[in-house]
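Trainee: First the structure, which I've put down as structure tokens, then a few questions once you've had a look.
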Amino acid sequence: MPPLPLHEELAFHAPILGEPSLDAAHRALFATLARLAALPPADFTPAFDDCVDAMERDFRAEDLLMEAFDLPMLPAHREQHARMLAGLHHAAAALARGNAGPARHAVALLREWLPLHIETMDKGLVAAVARARALGAHAHSD
Ligand SMILES: [Fe+2]
């Protein structure tokens, strides 16, 4: 069997949390980041903007899950999301002005940061949701 293209291999090896919606989002992000790194300049800008949108959706979904179950890690976890998004928005603004350096650097950093974030933050989130559900807690939406 021929080896998988790199982006598929990275997607395949994305950490598995056991929360299907988050795992699917993370696999898609890993694949996107691997593809972004190889894109030529003309294709990079719209793909980077799409990636930032996807990161925002993923972070928001996690934030809502933590809010729904009143999880105590919410402030620290949300702060990590906010810091990363601030950097990504800074990079997107530079990219819109024609400077791709920060965005290219952000893609490289994300490929290191995201697995660490999943291991140290998202796993705890999924475990806490599972514990809350086991205790009979239900998500609330207020
Ligand atoms: Fe997260």
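The values are calculated or read from the model by the stated rules, or taken from the named source; none is laboratory data. What you are looking at is a predicted structure, and each value in this text was computed from that prediction instead of being measured. Virtual Cβ from ideal backbone geometry, glycine too; neighbours counted across all protein chains shown.
Trainee: Being of a type in the set (A, V, I, L, M, F, W, C), out of contact with any His (no Cβ under 7 Å at 6 or more places or on another chain) and under 28 Å from Met73 (Cα atoms) narrows it down to one residue among Ala38, Ala47, Ala28, Ala42; which is it?
Mentor: Testing whether each residue is of a type in the set (A, V, I, L, M, F, W, C), out of contact with any His (no Cβ under 7 Å at 6 or more places or on another chain) and under 28 Å from Met73 (Cα atoms) leaves just Ala28.
Trainee: When residues of region 70-112 are filtered for being closer than 24 Å to Ala38 by Cα and within 12 Å of the ligand (Cβ to nearest atom), how many remain?
Mentor: 2
Trainee: Can you name the residue in region 101-142 that is at pLDDT 85 or above and among the acidic types (Asp, Glu) and, of all such residues, is surrounded by the most Cβ atoms within 10 Å (Cβ to Cβ)?
Mentor: Asp122
Trainee: Follow-up question, since we're still on this one. Cβ-Cβ distance below 7 Å, separation of 6 or more or different chains: which pairs start in region 40-59 with a residue that is touching a residue at least 60 places away in the same chain (Cβ under 8 Å) and over 17 Å from Ser21 (Cα atoms) and end on one that is of a type outside the set (Asp, Glu) and surrounded by 19 or more Cβ atoms within 10 Å (Cβ to Cβ)?
Mentor: What qualifies is Phe44/Leu36.
Trainee: Considering every residue within region 14-26, establish whether at least one is more than 16 Å from the ligand (Cβ to nearest atom), free of Cβ contacts under 8 Å to residues at least 24 places away in the same chain and surrounded by 16 or more Cβ atoms within 10 Å (Cβ to Cβ).
Mentor: no
Trainee: Looking at Pro115 and the list (1) away from the ligand (no atom under 15 Å from the Cβ); (2) in contact (Cβ under 8 Å) with a residue 40 or more places away in the chain, which single condition is not satisfied?
Mentor: Single failed check for Pro115: (1).
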